[in-house]
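J.: Structure incoming, see below.
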Amino acid sequence: MDGDLLHPRPEGLYCPAGDFFIDPMQPVARAVVTHAHGDHARSGSALYHVADAGLGLMRERLGAGSVLHAHAYGERFVLGDTTVSLHPSGHVLGAAQVRIEGCGKVAVVSGDYKRDPDPTCAPFEPVPCDIFGTESTFGLPIYRWPPMSQVIDELVGWLDDCRTRGVPAVLFCYALGKAQRVLAELVRREPDRVVHLHGAMVRLVEAYREAGVTLSPTVPVSDSAKGRDFAGELIMAPPSAAGSPWMRRFAKASTGFASGWMQVRGARRRRGYDRGFVVSDHADWPGLLQSVTDSQARRVYVTHGDGEALIRHLRDHGVDARPLRSLGTMPDLRTSEEGD
Amino acid sequence: MRRFARLFDALDRTTSTAAKRDAMARYFDEAPAADAAWAAYVLGGGKLKRTASSTELRLALAAETGYADWLIDDCYEQVGDLAETVALMLPEGDEGDADVPLHVWMEARLPSLSRLDGAGRIELLREWWRALPRDQVFLANKLLTGALRVGVSHRLLVQAVAQWSNLPTDLIAHRMSGDWRPGATAFTALAAPERADEHAGERPYPFFLASPLEALPDTLGEVGDWLAEWKWDGIRAQVMRRGDGVLVWSRGEERLDGRFPEIEQAAAALPPGCVLDGEVLAWTANEDHPQLFAALQKRIGKLKPGPKLLADAPVRLMAYDLLEQGGEDLRERPLAERRQRLAALVDGHAPTLMLSPSIDAVDWPGLTAVRGESRTRRTEGLMLKRLDSPYRVGRKRGDWWKWKVDPYTLDAVLIYAQPGHGRRSGLFTDYTFGVWDGDTLVPVAKAYSGLDDKEIDRLDRWIRAHTRERFGPVRSVEAVHVFELAFEAIQVSGRHKSGVAVRFPRILRWRTDKAIHDADTLDALRRLASG
């Protein structure tokens, strides 16, 4: 059975043959971490294997004292009775799928991934396997991402509009991945625009620059004099800043949110943002189906809370799809607060 | 419809009412009058007669996408709006150069569905969808299935028309009241200069609405400056004696003609050219208080009530204002004068037309004491109206206050939840609550409002993690959480499983300090209902 390679346990997803955990929720002896978002990269484990493309971000998240083994994409290394390699997942800088070869078969755990082009990270690499573990954050056919060029058109239109009206534009988005992707797209359109950053984004933006990603010029909001008028300027902040005292200096601002959830009108209206921009670092419905096909896997395991629809749809179409928790006890994972 | 789609987008993209008003005024200026008329109609909450069912839309969607019914249902549950679900699931259409104007959609295209059979409707829907970009698929479906819900109130629409026409808001409100029919001429006429006989015709006057009194009444000044009346629990209505006939308008500005023949007959005896504002109540002769609202409810639903119903639940108009007399608009005159004229007018028409009695008190404490009798008199509390005030338009604070009695409350346990719609789509926000009947929880109330966004999110997460069973979109949940509900009235009901029906239930607070065994019992509610 597949349980010899993948066995969910309360601490996280465990590989018995290789004696390691993937993205453990609790401290363990040996961890393979797919990417630097807080719900995947947690400090406290004795040893971490990560992709070297994301080393800087991992250090930022796991702390300077953590023991990190960095691997190039595609490099094979041995863990227990398995041979492991990391392959780009296209989610954020340094994000990886984990390929595990052992017990006479190959399993691939995708981690979070997307299929759309992203100038800030290596594109998703389809890795053939017998067992494919896929995410399903946006596992319904209502989620089909518009081309990024179209979204950036809308974003630039919004900024023009804010400039005309003389109000600041505050764009909320997750501090790791989404913010840098927007900055990397924006610099191609408006190379001279300086973007103001909330403090929580500053170091992460710097980490991307150090990794060689070209981004719009940025300055921390805190560098601006008190009472500065931000009319017509773009300010980026994590969603947690919405409604906080920090927002007081942008009283008249038009607000936007960049997230895959913005595809649904009710979700945007509920959050009370003026504008929603559909930008996601996760696969949309066609991307999920394409990846399952590309994997050539004989069995597909689906993670994330609301994967029932994807599983049932795949089964209706002759794919042996199952919830990952059917292999063991999965910790109660809520949909990621980050990186959607 | 391209221009209207842009307007919708502009409205949808801002929470500022000023920006919405400007966007609409600009659209009225630029769009052809025939389209502007329909835009005003639908933005003001107007709907077409429905020409295709939700089932037909789902079938068309399944046929067009090949997706299974259950998957369409799952998507709908997440989106909470069928029109939008369709737009999101379809591949992007190809509009080409052909733009079909809004008025053609409203006057020809959408109504044409009713001339086809089910299969024909599904075929035509699919044909339209294929030729439209996503935003217009959404709009066409919205126009087909119901209200737009884009954060435009009727009042805001009236303000936008007033801004475009450069006329007073109250005048536009009056011109658009009643069943205003959209059309190029009708729209252009909204901007015509004010005429002396403006108020003649079949349109009702816009209702003046009271605001809830939240402060203590002595903040209102001298008690002698105010008229106090009971706040009746019936249907607000405007009875117009015009020409040879009588028109009855509801507060929702719908014609109620035929439903209350007693009132129409009595009003027909009044001199032509007068308009009364009051409350329709079911009231048996010789009783000193009205029947329960449920009795009136039976009358509302009946277009031509039979003799038995007329005998069981006779109605009367408790009149409290006179807006027109001898064809003259009285609204600018002080309430004291209007009321004096009203008293003389209805004199001799009792009990079917009655003057709502004034409640006299020498001071606020005295009035507060009388308010304590509200429930035994089957009223909702008191109305306070400034005696020298004009009859205003809409909900304007300051001159009319409703001073309601405190609601009843009960503690009940959350037992079912289902996803909400619109702003609350994809979240479990429609709750059913139960009270104890022996050792089982019996549903007694549904409530949708009263929690803040944080509580809604928290409860939504909890519901997902603690679902016991699913019945379509409805989930039964573990009995854990106790909520304090408020409601306005309770009565015995044969239609409800619990045997009681509560009016206007809403959540007051989440009682995290209470355990489920602290919740109320059905016995207690029954006693309250029969007492």
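The values are calculated or read from the model by the stated rules, or taken from the named source; none is laboratory data. A quick note: this is a predicted structure, and the numbers were derived from the prediction, not measured. Cβ: placed from backbone, ideal geometry, glycine included. Neighbour counts: every protein chain shown.
J.: Please enumerate the residues belonging to segment A:5-27 that are of a type in the set (A, V, I, L, M, F, W, C), closer than 11 Å to A:Val109 by Cβ and assigned to a loop (DSSP other than H, G, I, E, B).
T.: A:Leu5, A:Leu6
J.: So, in segment A:257-299, exactly how many residues are without any contact (Cβ under 8 Å) to a residue 60 or more places away in the chain and among the β-branched types (Val, Ile, Thr)? Please lay out each step first, then the result.
T.: Just the residues of segment A:257-299 that are without any contact (Cβ under 8 Å) to a residue 60 or more places away in the chain, to begin with: A:262, A:265-272, A:274, A:276, A:289, A:293.
With the extra rule that they be among the β-branched types (Val, Ile, Thr), the set shrinks to A:293.
Here the count works out to 1.
J.: Same structure again: For the condition crowded, with 22+ Cβ neighbours inside 10 Å and within 14 Å of chain B (Cβ to nearest Cβ), what is the one hit in A:Ser295, A:Ser240, A:Ser216, A:Ser259?
T.: Sole residue among the options that is crowded, with 22+ Cβ neighbours inside 10 Å and within 14 Å of chain B (Cβ to nearest Cβ): A:Ser259.
J.: Right, something else. If I ask for residues that are hydrophobic (A, V, I, L, M, F, W, C), closer than 17 Å to A:Leu62 by Cα and crowded, with 22+ Cβ neighbours inside 10 Å, which ones from segment A:1-28 would you list?
T.: The initial filter retains those residues of segment A:1-28 that are hydrophobic (A, V, I, L, M, F, W, C), namely A:1, A:5-6, A:13, A:15, A:17, A:20-22, A:25, A:28.
Among the residues that remain, those that are also closer than 17 Å to A:Leu62 by Cα are: A:21-22, A:25, A:28.
Hits for segment A:1-28 are A:Phe21, A:Ile22.
J.: Then there is this: May I ask you to verify whether A:Thr164 is within 14 Å of chain B (Cβ to nearest Cβ), surrounded by fewer than 20 Cβ atoms within 10 Å (Cβ to Cβ), out of contact with any Lys or Arg (no Cβ under 8 Å at 6 or more places or on another chain) and among the polar types (S, T, N, Q)? Spell out how you get there, then give the answer.
T.: Working: within 14 Å of chain B (Cβ to nearest Cβ): yes; surrounded by fewer than 20 Cβ atoms within 10 Å (Cβ to Cβ): yes; out of contact with any Lys or Arg (no Cβ under 8 Å at 6 or more places or on another chain): yes; among the polar types (S, T, N, Q): yes.
Yes: the conditions hold for A:Thr164.
J.: Please specify each residue of segment A:264-275 satisfying the condition of being more than 7 Å from every other protein chain (Cβ to nearest Cβ) and of a type outside the set (D, E, K, R).
T.: From segment A:264-275, those more than 7 Å from every other protein chain (Cβ to nearest Cβ) are A:268, A:271, A:273; that's our starting set.
A:Tyr273, the sole residue that qualifies.
J.: What are the residue pairs meeting all of these: first residue in segment A:324-335, first residue more than 15 Å from A:Cys15 (Cβ to Cβ) and within 14 Å of chain B (Cβ to nearest Cβ), second residue at pLDDT 75 or above and surrounded by fewer than 14 Cβ atoms within 10 Å (Cβ to Cβ), Cβ atoms under 6 Å, and 6 or more apart or on different chains?
T.: So the pair list comes out as A:Pro331/A:Pro10.
J.: Let me ask another. Within segment A:104-141, take every residue that is of a type in the set (S, T, N, Q) and more than 14 Å from A:Ala321 (Cα to Cα) and give me the one that is nearest to the other protein chains (Cβ to nearest Cβ). Let's see the steps before the verdict.
T.: The first filter runs over segment A:104-141 and keeps only residues of a type in the set (S, T, N, Q), leaving A:110, A:120, A:134, A:136-137.
Within this subset, residues satisfying the condition of being more than 14 Å from A:Ala321 (Cα to Cα) are A:110, A:120, A:137.
Details: A:Ser110: 22, A:Thr120: 27, A:Thr137: 13 Å.
The extreme case among them is A:Thr137.
One line per residue, one yes/no per condition, for (1) within 14 Å of another protein chain (Cβ to nearest Cβ); (2) modelled with pLDDT of 85 or more; (3) within 30 Å of B:Arg378 (Cα to Cα); (4) under 23 Å from the mean Cα position of the chain (by Cα):
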{"residue": "B:Tyr431", "(1), (2), (3), (4)": "no, yes, yes, yes"}
{"residue": "B:Gly438", "(1), (2), (3), (4)": "no, yes, no, no"}
{"residue": "B:Leu441", "(1), (2), (3), (4)": "no, yes, yes, no"}
{"residue": "B:Ile456", "(1), (2), (3), (4)": "yes, yes, no, no"}
{"residue": "B:Ile463", "(1), (2), (3), (4)": "yes, yes, no, no"}
{"residue": "B:Phe471", "(1), (2), (3), (4)": "no, no, no, no"}
{"residue": "B:Val477", "(1), (2), (3), (4)": "no, yes, no, no"}
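J.: Looking only at segment B:471-479, decide whether some residue is assigned to a strand (DSSP E or B), touching a residue at least 12 places away in the same chain (Cβ under 8 Å), over 14 Å from B:Leu414 (Cβ atoms) and not assigned by TED's automatic domain parsing to the domain that holds B:Asp74. Explain how you work it out, then say what you get.
T.: Taking segment B:471-479 as the starting set, the residues that turn out to be assigned to a strand (DSSP E or B) are B:471, B:474-477.
In the following step, the residues that additionally are touching a residue at least 12 places away in the same chain (Cβ under 8 Å) were identified as B:474-477.
After this cut, where a residue has to be over 14 Å from B:Leu414 (Cβ atoms) as well, the list is none.
Within segment B:471-479, not a single residue is assigned to a strand (DSSP E or B), touching a residue at least 12 places away in the same chain (Cβ under 8 Å), over 14 Å from B:Leu414 (Cβ atoms) and not assigned by TED's automatic domain parsing to the domain that holds B:Asp74.
J.: Any chance segment B:221-232 includes a residue that's more than 28 Å from the chain's Cα centre (by Cα) and surrounded by 20 or more Cβ atoms within 10 Å (Cβ to Cβ)? Explain how you work it out, then say what you get.
T.: Narrowing segment B:221-232 to residues more than 28 Å from the chain's Cα centre (by Cα): B:221-226.
Right, trim to surrounded by 20 or more Cβ atoms within 10 Å (Cβ to Cβ) and you get B:226.
Yes, some residue in segment B:221-232 is more than 28 Å from the chain's Cα centre (by Cα) and surrounded by 20 or more Cβ atoms within 10 Å (Cβ to Cβ).
J.: Same structure, new question: Listed residues B:Leu382, B:Leu427, B:Leu451; which is more than 14 Å from chain A (Cβ to nearest Cβ) and either surrounded by 14 or more Cβ atoms within 10 Å (Cβ to Cβ) or within 21 Å of the chain's Cα centre (by Cα) (or both)? Steps first, please.
T.: Values: B:Leu427 fails: more than 14 Å from chain A (Cβ to nearest Cβ); B:Leu451 fails: more than 14 Å from chain A (Cβ to nearest Cβ).
It is B:Leu382.
Results for (1) touching a Lys or Arg at 6+ places or on another chain (Cβ under 9 Å); (2) under 24 Å from B:Gly252 (Cβ atoms), shown as yes or no for each residue.
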site: B:Cys274; (1), (2): yes, yes
site: B:Glu279; (1), (2): yes, yes
site: B:Ala285; (1), (2): no, no
site: B:Arg299; (1), (2): yes, yes
site: B:Ala311; (1), (2): no, no
site: B:Val315; (1), (2): yes, yes
site: B:Met318; (1), (2): no, yes
site: B:Gly326; (1), (2): no, no
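J.: I want to confirm something. Restricting to segment B:95-106 and keeping residues that are in contact (Cβ under 8 Å) with a residue 60 or more places away in the chain and part of a helix (DSSP H, G or I), which single residue is surrounded by the most Cβ atoms within 10 Å (Cβ to Cβ)?
T.: Among those that are in contact (Cβ under 8 Å) with a residue 60 or more places away in the chain and part of a helix (DSSP H, G or I), it is B:Leu102.
J.: Same structure, new question: Just to be sure, is A:Gly266 under 22 Å from B:Thr85 (Cβ atoms), out of contact with any strand residue (DSSP E or B) (no Cβ under 9 Å at 6 or more places or on another chain) and in a helix (DSSP H, G or I)?
T.: Numbers: under 22 Å from B:Thr85 (Cβ atoms): yes; out of contact with any strand residue (DSSP E or B) (no Cβ under 9 Å at 6 or more places or on another chain): no; in a helix (DSSP H, G or I): yes.
No, not satisfied.
J.: Scanning segment B:397-424 for residues that are charged (D, E, K, R) and within 14 Å of another protein chain (Cβ to nearest Cβ), which turns out farthest from B:Ala501 (Cα to Cα)?
T.: Of all residues in segment B:397-424, those charged (D, E, K, R) come to B:397, B:399, B:402, B:404, B:406, B:411, B:423-424.
Filter again for within 14 Å of another protein chain (Cβ to nearest Cβ), leaving B:423-424.
Values: B:Arg423: 28, B:Arg424: 26 Å.
Checking each candidate, the answer is B:Arg423.
J.: Being of a type in the set (Ser, Thr, Tyr) and part of a loop (DSSP other than H, G, I, E, B) is the filter here, so list the residues in segment A:79-104 that pass it. Quick ask: steps written out before the conclusion?
T.: So in segment A:79-104, the residues of a type in the set (Ser, Thr, Tyr) come out as A:82-83, A:85, A:89.
Residue satisfying the conditions is A:Ser89 alone.
J.: Now for a different question. Yes or no: B:Arg134 of a type in the set (Lys, Arg), within 14 Å of another protein chain (Cβ to nearest Cβ) and closer than 18 Å to B:Leu148 by Cβ?
T.: Values: of a type in the set (Lys, Arg): yes; within 14 Å of another protein chain (Cβ to nearest Cβ): yes; closer than 18 Å to B:Leu148 by Cβ: yes.
So B:Arg134 fits the description; yes.
J.: Considering segment B:68-94 alone, what residues qualify as being part of a loop (DSSP other than H, G, I, E, B), surrounded by 16 or more Cβ atoms within 10 Å (Cβ to Cβ) and more than 7 Å from chain A (Cβ to nearest Cβ)?
T.: The first filter runs over segment B:68-94 and keeps only residues part of a loop (DSSP other than H, G, I, E, B), leaving B:68, B:80-81, B:90-94.
Checking the rest, the ones that are also surrounded by 16 or more Cβ atoms within 10 Å (Cβ to Cβ) come to B:80-81, B:90, B:93.
The answer is B:Leu90, B:Gly93.
J.: Additional query: Give the residue, chosen from A:Arg271, A:Arg181, A:Arg275, that is closer than 28 Å to B:Gly422 by Cα and crowded, with 22+ Cβ neighbours inside 10 Å. Show your work before the answer.
T.: On the way: A:Arg271 fails: crowded, with 22+ Cβ neighbours inside 10 Å; A:Arg181 fails: closer than 28 Å to B:Gly422 by Cα.
Of A:Arg271, A:Arg181, A:Arg275, the one residue that is closer than 28 Å to B:Gly422 by Cα and crowded, with 22+ Cβ neighbours inside 10 Å is A:Arg275.
J.: Restricting the search to segment A:234-270, which residues are at pLDDT 95 or above and over 30 Å from A:Leu140 (Cβ atoms)?
T.: Across segment A:234-270, the qualifying residues are A:Leu234, A:Ile235.
J.: Identify the single condition in (1) within 14 Å of chain B (Cβ to nearest Cβ); (2) over 16 Å from A:Gly139 (Cα atoms) that A:Pro286 does not satisfy, given that it satisfies every other one.
T.: Of everything listed in (1) within 14 Å of chain B (Cβ to nearest Cβ); (2) over 16 Å from A:Gly139 (Cα atoms), A:Pro286 misses just condition (2).
J.: Condition (residue is out of contact with any His (no Cβ under 9 Å at 6 or more places or on another chain), among the small types (Gly, Ala, Ser), assigned to a helix (DSSP H, G or I) and more than 14 Å from chain A (Cβ to nearest Cβ)) applied to segment B:24-31: is it met by at least one residue?
T.: In the first step, residues of segment B:24-31 are kept if they are out of contact with any His (no Cβ under 9 Å at 6 or more places or on another chain); the result is B:24-31.
Those left that are additionally among the small types (Gly, Ala, Ser): B:25, B:31.
Adding the requirement that they be assigned to a helix (DSSP H, G or I) leaves B:25.
This time we only want the ones that are more than 14 Å from chain A (Cβ to nearest Cβ), so: B:25.
Looking through segment B:24-31, at least one residue is out of contact with any His (no Cβ under 9 Å at 6 or more places or on another chain), among the small types (Gly, Ala, Ser), assigned to a helix (DSSP H, G or I) and more than 14 Å from chain A (Cβ to nearest Cβ).
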